[in-house]
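Written out below as structure tokens is the structure these notes cover.
Derivation of every value follows stated rules applied to the coordinates shown; laboratory data play no part. Treat the numbers as computed from the prediction; the structure is a model and nothing was measured. Please note: Cβ atoms are built from the backbone with ideal geometry, for glycine as well, and neighbour counts cover all protein chains shown.
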């Protein structure tokens, strides 16, 4: 059965519709990426899956007793909270030092066990988060913009680790991201989101879809430049905002 | 004197670990609000002639719960806390002024009256402190996780709302317990200063919590002794010792990091 099944999901904050009628299925072992501009509902989708936000409409079904490895966008490590890497790794894992070292080795940062979390570099920090998510051998990894703040080589290296993890453990991966190219090349399936599902399919299919080009046209032409999203685009298929409101 | 010492130690052991969460989650003003509201509870219990502890506890828990609810709804929390803290303090003081029949030493509630701790007070203080300590230890991991990131907490199968409510209610409880020891105006000091002092020595959250408890307890004992010798008010003397710990540990800490 599917690990995650999202049916007809709408999420509404006050009067703002973050997601409207989204369908999504994640099967064991596949890497699915959700791309979309800021405010397209990527994070809302992920939050609905982990139960942090309740749907206005539709359902989120998780496989019973599913083991989720979650890699958050950021953690509030201010300097007032002392936390060694080792202690952080063992926050949700009671397996002892040996498995902690092994998990950190997998992502190439086993030498920083005794360092403070607040003093790690961006790349080290994300790797530790990934190692912590992987230590309990999850069936699915959820990554929420996990490479924010990393440069392109850094993100590429990070996604290679994610691919390795999938290879070694067979876990599925659902990630949301801005880094279109890096992420898409590593994915089995891409879902392009903008409040609703604009288009979905293999990376090649999505990259050549007109809806995708409309959303990210500027980016694909100038990959390395700083980019801005165009929010004023139109779609042919309509999603009736008032209707989903009335459905509540 | 021994009872006073025991009361201070009991409070410190619970306030240290709980205070760490206040520091980590930047809830200092939150604590102030609850503690100021407690004076309203004191006034009401004087008026209704019920136990001060019970009155303060009820009002503190009520305000704690209310603030938590409002913050969930996304109100501009800083302003809201400011309004609640000072209006409840003011209302409390006004109510007290109406109680003409009884001569009330307000100072005792604002700054504590640890030397007058009775056997029953001591029982209440240790009971409340133990309850806080047990709950903090029991919910330690979920509380830490919600402090790091709420979604992280959801994904690990904990409801962050429940843990946040727990922290707030524990703050209400510790405030009610601490009125006799340091008074409503200095309770937050016993939460924050030992924790902040412990931060300089700790490398994990657990050591910070334990050290905060120890620093608080030593401050209570030394402060009481100093108050006795120098004839100074007990509650403020305890806080002064804790502040000295904070200062010295920070100076030593920055010297160390300067050297290395």
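Using bins of 5 Å that start at zero, the share of Cα-Cα pairs per bin across segment B:189-260 amounts to 3, 20, 24, 21, 15, 10, 5, 2, 0, in whole %. Compute the acute angle (0 to 90°) between the alpha-carbon long axis of helix A:97-106 and the principal axis of greatest extent of the alpha-carbon atoms of chain A; round to the nearest 10°. Approximately 50 degrees, to the nearest 10.
Peptide A:69-81 shows a mean partner chain C-beta count of 5 within 10 Å per residue C-beta. Ranked by the mean number of other Cβ atoms within 10 Å of their residues, highest first, the peptides B:192-201, A:192-201 fall in the order B:192-201, A:192-201. In this rough spin-label picture, where each label sits 7 Å from Cα along the Cβ direction, the residue B:80-residue B:54 distance is 3.1 nm. Diffusion coefficient of segment A:17-114 by Stokes-Einstein, Kirkwood radius over Cα pairs, 20 °C, 1.002 mPa s: 128 µm²/s.
Helix A:122-134 and the longest principal axis of the C-alpha atoms of chain A enclose an angle of approximately 90°. For a modelled paramagnetic label at residue A:79, 7 Å from Cα along Cα-to-Cβ, the residues of segment B:1-24 in reach, with backbone nitrogen under 18 Å, are B:23-24. DSSP assigns beta bridges within the protein assembly as shown; of those with both partners inside it, close to 50 percent run antiparallel.
Computed over all pairs of different Cα atoms, the Kirkwood value for the hydrodynamic radius of segment B:21-81 is 12.1 Å. For segment B:20-122, the fraction of C-alpha pairs farther apart than 25 angstrom is 25 percent.
Determine the shielding of peptide B:137-143 by partner chains: average, over its residues, the number of Cβ atoms on other chains within 10 angstrom of each Cβ.
1
The label-point distance for residue B:161 and residue B:28, in a model that sets each label 7 Å from Cα toward Cβ, rounds to 3.1 nm.
Paramagnetic label reach from residue A:8 (point 7 Å along Cα→Cβ; backbone nitrogen cut-off under 12 Å): within segment A:157-200, no residues. Partner shielding of B:152-162 amounts to 5, given as the average count of beta-carbon atoms from other chains within 10 Å of each residue beta-carbon. Projecting label points 7 angstrom from Cα along Cα→Cβ for residue B:257 and residue B:232 puts them 2.8 nm apart. Taking all C-alpha pairs of the protein assembly as shown, those more than 34 Å from each other amount to 47 percent. Beta bridges per DSSP, both residues in chain A: antiparallel share near 50 percent.
Normalised by the number of residues in chain A, the mean separation of alpha-carbon contacts (under 8 Å, six or more apart) gives a relative contact order of 25 percent. Calculated FRET efficiency, residue B:91 to residue B:116, Cβ-Cβ distance, R0 = 25 Å: about 0.45 to the nearest 0.05.
Which angle between 0 and 90 degrees, to the nearest 10, do you get for helix A:210-221 versus the longest principal axis of chain A when only C-alpha atoms count? Helix A:210-221 and the main axis of chain A meet at about 50 degrees. Peptides B:37-50, A:59-72 ranked from most to least packed, by the mean per-residue count of other Cβ atoms within 10 Å: B:37-50, A:59-72.
The calculated FRET efficiency for the pair residue B:62 and residue A:27, based on their C-beta separation and a Förster distance of 60 Å, comes to about 0.75. I need to check one value: relative contact order of segment B:2-189, counting alpha carbon pairs closer than 8 Å and at least 6 residues apart, in percent. Dividing the mean separation by the residue count of segment B:2-189 yields 40 percent. Cα gyration tensor of segment A:75-136, axes a ≥ b ≥ c as square roots of the eigenvalues: rounded (a/c below 1.5), prolate (a/b > b/c) or oblate? The shape class here is prolate. Projected over all directions and averaged, the alpha-carbon convex hull of segment B:2-189 occupies 10.2 nm². Judged by the mean number of other Cβ atoms found within 10 Å, the most tightly packed of the peptides B:1-13, A:202-214 leads the ranking B:1-13, A:202-214.
Estimated translational diffusion coefficient (Stokes-Einstein, Kirkwood radius over Cα pairs, 20 °C, 1.002 mPa s) of chain A: 113 µm² per second.
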